[in-house]
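Q: Mind having a look at this structure? Questions to follow.
The values are calculated or read from the model by the stated rules, or taken from the named source; none is laboratory data. Remember, it's a predicted structure, so these values are computed and weren't measured experimentally. Cβ: placed from backbone, ideal geometry, glycine included. Neighbour counts: every protein chain shown. Side chains are part of the model used for accessible areas, which takes the heavy atoms of the whole protein and leaves out ligands, DNA and RNA. Shrake-Rupley method; radii C 1.70, N 1.55, O 1.52, S 1.80 Å.
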Amino acid sequence: MKKITIAIDGYSSTGKSTVAKMLAKELSYVYVDTGAMYRAVTLYAMRKIFIKEGHFDKEALIRHLFMISVKFQMNEKTGIADMYLNGENVEREIRTLEVSNFVSQVAAIPEVRKLMVKKQHEMGKEKGIVMDGRDIGTVVFPDAELKVFMTATADERARRRFEELKANGDDVSYEAVLENVQKRDQLDTSRKDSPLVQAEDAILLDNTDTNIEDQFHILLQLAKDRIFGRC
């Protein structure tokens, strides 16, 4: 069966990662959460105090990039690949609101993006991959056979993210999460290097009022159409 590249882009907290994982599992494809890669670099910068509220030493982070190793490793208990930063499992830490507050700034640095895109190209060179992020269909894999751009209202995305954080035991307020979502939208769409934008040939999926199961079946049908040459 022909293997294809599936690129899923969109705004934060639209459920890209969740549905991408489901799709990859169904197709027996490799799944890559590019957002986790940028979050890991952000965590590194936070630990080194290169970035904190009101301060960001971009040059220091750039100088340290050669010391940063990010890779995915399968978690046998969950059946999902976790993110490892320099050999340490940081899957839990990178999902916090603190990291979310800084990740868009880190991801806007051209040197960081260049390094991550290089790694992403290596992961997807054999196709048979589902990759989600902000610039997969526009920069990383502009020739992907299937491109999807996911969106939803900021209020709905903040609600989903808030419930996820609360379920993980994080002490956060809905207002803080909404502010984070809106701030990330502004930073992601206005950065000079690879801004968040829908590729011309991407299919728009507004999932404000669509549950995850319906989203999965929509994407699965789109993928099958391309795998079997029906479009």
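Q: Of the conditions (1) open to solvent by 10 Å² or more (accessible area, probe 1.4 Å); (2) closer than 21 Å to Ser28 by Cα; (3) touching a residue at least 24 places away in the same chain (Cβ under 8 Å), Lys125 fails just one. Which one is it?
A: (3)
Q: Can I ask one more? Enumerate the pairs (first residue in the stretch 104-116 and open to solvent by 60 Å² or more (accessible area, probe 1.4 Å); second residue anywhere and modelled with pLDDT of 95 or more) with beta-carbon separation below 7 Å, excluding pairs fewer than 6 apart on the same chain, so at least 6 apart or on different chains.
A: Filtered contacts from the stretch 104-116: Glu111/Ile62; Glu111/Leu65.
Q: Within the stretch 85-94, track down each residue that is in contact with a helix residue (DSSP H, G or I) (Cβ under 9 Å, 6 or more places away or on another chain) and either of a type in the set (S, T, N, Q) or surrounded by fewer than 19 Cβ atoms within 10 Å (Cβ to Cβ) (or both).
A: Asn86, Glu93
Q: Asp155 versus (1) part of a helix (DSSP H, G or I); (2) acidic (Asp, Glu); (3) in contact (Cβ under 8 Å) with a residue 12 or more places away in the chain; (4) under 25 Å from Leu27 (Cβ atoms): which is the lone unmet condition?
A: It is condition (4) that Asp155 fails.
Q: Can you pull out the residues in the stretch 16-42 that are open to solvent by less than 10 Å² (accessible area, probe 1.4 Å) and either polar (S, T, N, Q) or more than 20 Å from Lys71 (Cβ to Cβ) (or both)?
A: Result: Val19, Leu23, Thr34, Thr42.
Q: How about the stretch 166-201: which of its residues are in a loop (DSSP other than H, G, I, E, B) and closer than 21 Å to Ile8 by Cβ?
A: Arg191, Asp193, Ser194, Pro195, Leu196, Val197, Gln198, Ala199, Glu200, Asp201
Q: Still on this model: Please find, within the stretch 18-59, the residue that is modelled with the highest pLDDT out of those that are within 25 Å of Thr78 (Cα to Cα) and small (Gly, Ala, Ser).
A: Per the criteria, the residue is Ala40.
Q: So which helices (runs of 4 or more DSSP H) are wholly in the stretch 1-114 and hold at least 1 residues that are aromatic (Phe, Trp, Tyr)? Even if it seems obvious, please write down each step before you answer.
A: Details: elements: 16-27, 34-47, 58-64, 97-107.
Because the criterion is at least 1 residues that are aromatic (Phe, Trp, Tyr), the helices (runs of 4 or more DSSP H) in the stretch 1-114 that meet it are 34-47, 97-107.
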